Ligand SMILES: CC(C)(COP(=O)(O)OP(=O)(O)OC[C@H]1O[C@@H](n2cnc3c(N)ncnc32)[C@H](O)[C@@H]1OP(=O)(O)O)[C@@H](O)C(=O)NCCC(=O)NCCS
């Protein structure tokens, strides 16, 4: 469970500016644009985006896409000052609940040990690698999958 006072709620258009600020903080090399978030939020049938709020402050956010029998974790982030309190785990569990009985896939930088541990604790295992996936850094992506029948 997240800290007392932290609420998870569906991401709405008015959350986009603070989420973009978190993008700059957390993914400075490869941040998503405002247009990317607008496009994602417009895909209401296939996307599930959630924010973690402390009052009106957005501390974290996460997004999932569903394609048939599979779901993809598209993004997840928690502001540095609020990391290590279980908010990331809570966001991930919210996405997994939305995914239901589907195989869930995600890409994570090979050098992101914190995120890989979080995914590992929730049943994800490495299934592949995409060379030079993250640009402009050229960092490889580790592909991780969580099989529904195993959980
Ligand atoms: C990855 C990320 C989302 C995790 O968010 P988080 O809120 O820090 O995640 P959690 O708090 O649930 O777990 C992180 C660590 O804190 C620990 N933790 C969780 N709750 C805790 C608590 N109440 N007290 C102390 N530690 C706690 C967890 O055990 C975990 O430690 P470990 O990885 O050494 O085992 C966050 O680090 C982040 O935004 N990173 C930058 C962006 C990023 O890399 N996103 C993923 C892209 S694929």
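The values are calculated or read from the model by the stated rules, or taken from the named source; none is laboratory data. The structure presented is a predicted model; accordingly, all values stated were derived computationally and were not measured. Virtual Cβ from ideal backbone geometry, glycine too; neighbours counted across all protein chains shown.
Points worth noting:
- Test: residue in the stretch 52-74 that is more than 16 Å from the ligand (Cβ to nearest atom) and touching a helix residue (DSSP H, G or I) at 6+ places or on another chain (Cβ under 6 Å): no
- A Cβ distance below 7 Å, combined with a sequence gap of six or more or placement on separate chains, defines the contacts here; from the stretch 81-109, residues that are in contact (Cβ under 8 Å) with a residue 12 or more places away in the chain and closer than 25 Å to residue 128 by Cβ reach residues that are assigned to a loop (DSSP other than H, G, I, E, B) and more than 7 Å from the ligand (Cβ to nearest atom) in the pairs 92/122; 96/122; 102/69; 103/69; 103/147; 106/124.
- Taken over the stretch 1-31, the residue count meeting the criterion of being modelled with pLDDT of 95 or more and not in a helix (DSSP H, G or I) is 7.
- Candidate set from the stretch 22-32 (those that are over 14 Å from the mean Cα position of the chain (by Cα) and in contact (Cβ under 8 Å) with a residue 12 or more places away in the chain); member that is surrounded by the fewest Cβ atoms within 10 Å (Cβ to Cβ): 29
- Annotation: residue 144 fulfils all but one of (1) more than 13 Å from the ligand (Cβ to nearest atom); (2) more than 21 Å from residue 43 (Cα to Cα); (3) in a strand (DSSP E or B); the unmet one is (1).
- On the stretch given as the stretch 121-130, residues that are within 27 Å of residue 10 (Cβ to Cβ) and either within 13 Å of the ligand (Cβ to nearest atom) or assigned to a strand (DSSP E or B) (or both) total 3.
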